[in-house]
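A short worksheet on the structure shown next.
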Amino acid sequence: MPLFFSGRDLSNSVMSDQCAGHWFLRASGLGDGEFKEKIRSALKSVYELNVMSFAGGHMGAVNGMRPEGVPDRSSVQSDEVWIGVVYGLAATMIHEVGLHVQAAYTHVQFSPTLYS
């Protein structure tokens, strides 16, 4: 589920880049952040919904996914796959112990999309 919830109808969409700030902290050597277990839980949700439930798990991570397993169509950007978001997501998964397999799968499944 999302890391934070504002209460709006569409705010429960699972966004692929919701942990980007955490990734920046880790990549910059500035610490682990304060919400390690929530980050881990959010990354697992992103992997299950935005990666595995989108295009059969063969295109990387869609930007936004609804909790019921359909892409968020509230904006054009939500229903797209962006290279920087996918690689940032994979990098964040690598930084977290136990998510290396998910990171590799996300990256490997996305790579052919770049050349098609």
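The values are calculated or read from the model by the stated rules, or taken from the named source; none is laboratory data. None of these values were measured; they are calculated from a predicted model. Because the Cβ atoms are built from the backbone with ideal geometry, glycine has one as well, and the counts that use them run over all protein chains shown.
Pull out all pairs, ordered by first then second residue, where Cβ-Cβ is under 8 Å, the residues are six or more apart or on different chains, the first lies in the range 37-49 and is part of a helix (DSSP H, G or I), and the second is among the aromatic types (Phe, Trp, Tyr) and surrounded by 23 or more Cβ atoms within 10 Å (Cβ to Cβ).
Once the first residue is part of a helix (DSSP H, G or I) and sits in the range 37-49, no partner that is among the aromatic types (Phe, Trp, Tyr) and surrounded by 23 or more Cβ atoms within 10 Å (Cβ to Cβ) comes close enough.
Ser75 is checked against (1) under 17 Å from Ser13 (Cβ atoms); (2) part of a helix (DSSP H, G or I); (3) modelled with pLDDT under 90 and fails just one. What number does that condition carry?
Status for Ser75: all satisfied but (2).
Could you check, for the range 88-107, whether at least one of its residues is more than 19 Å from Ala42 (Cβ to Cβ) and either crowded, with 16+ Cβ neighbours inside 10 Å or free of Cβ contacts under 8 Å to residues at least 12 places away in the same chain (or both)?
Within the range 88-107, none of the residues are more than 19 Å from Ala42 (Cβ to Cβ) and either crowded, with 16+ Cβ neighbours inside 10 Å or free of Cβ contacts under 8 Å to residues at least 12 places away in the same chain (or both).
Could you tell me how many of the residues in the range 1-28 are of a type in the set (Phe, Trp, Tyr) and at pLDDT below 85?
Qualifying residue count, the range 1-28: 2.
Checking Thr113 against (1) more than 14 Å from Lys44 (Cβ to Cβ); (2) modelled with pLDDT under 90; (3) surrounded by 15 or more Cβ atoms within 10 Å (Cβ to Cβ): exactly one of these is not met. Which one?
Unmet for Thr113, out of (1) more than 14 Å from Lys44 (Cβ to Cβ); (2) modelled with pLDDT under 90; (3) surrounded by 15 or more Cβ atoms within 10 Å (Cβ to Cβ): (3).
For Val81, which of the numbered conditions (1) surrounded by 12 or more Cβ atoms within 10 Å (Cβ to Cβ); (2) within 12 Å of the chain's Cα centre (by Cα); (3) within 20 Å of Phe24 (Cβ to Cβ) fails to hold?
For Val81, the exception is condition (3).
Looking only at the range 69-89, decide whether some residue is acidic (Asp, Glu), in contact with a Ser or Thr (Cβ under 8 Å, 6 or more places away or on another chain) and over 14 Å from Gln102 (Cβ atoms).
Filtering the range 69-89 for residues acidic (Asp, Glu) gives 72, 79-80.
In the following step, the residues that additionally are in contact with a Ser or Thr (Cβ under 8 Å, 6 or more places away or on another chain) were identified as 72.
Okay, now just the ones that are also over 14 Å from Gln102 (Cβ atoms), so 72.
Yes, some residue in the range 69-89 is acidic (Asp, Glu), in contact with a Ser or Thr (Cβ under 8 Å, 6 or more places away or on another chain) and over 14 Å from Gln102 (Cβ atoms).
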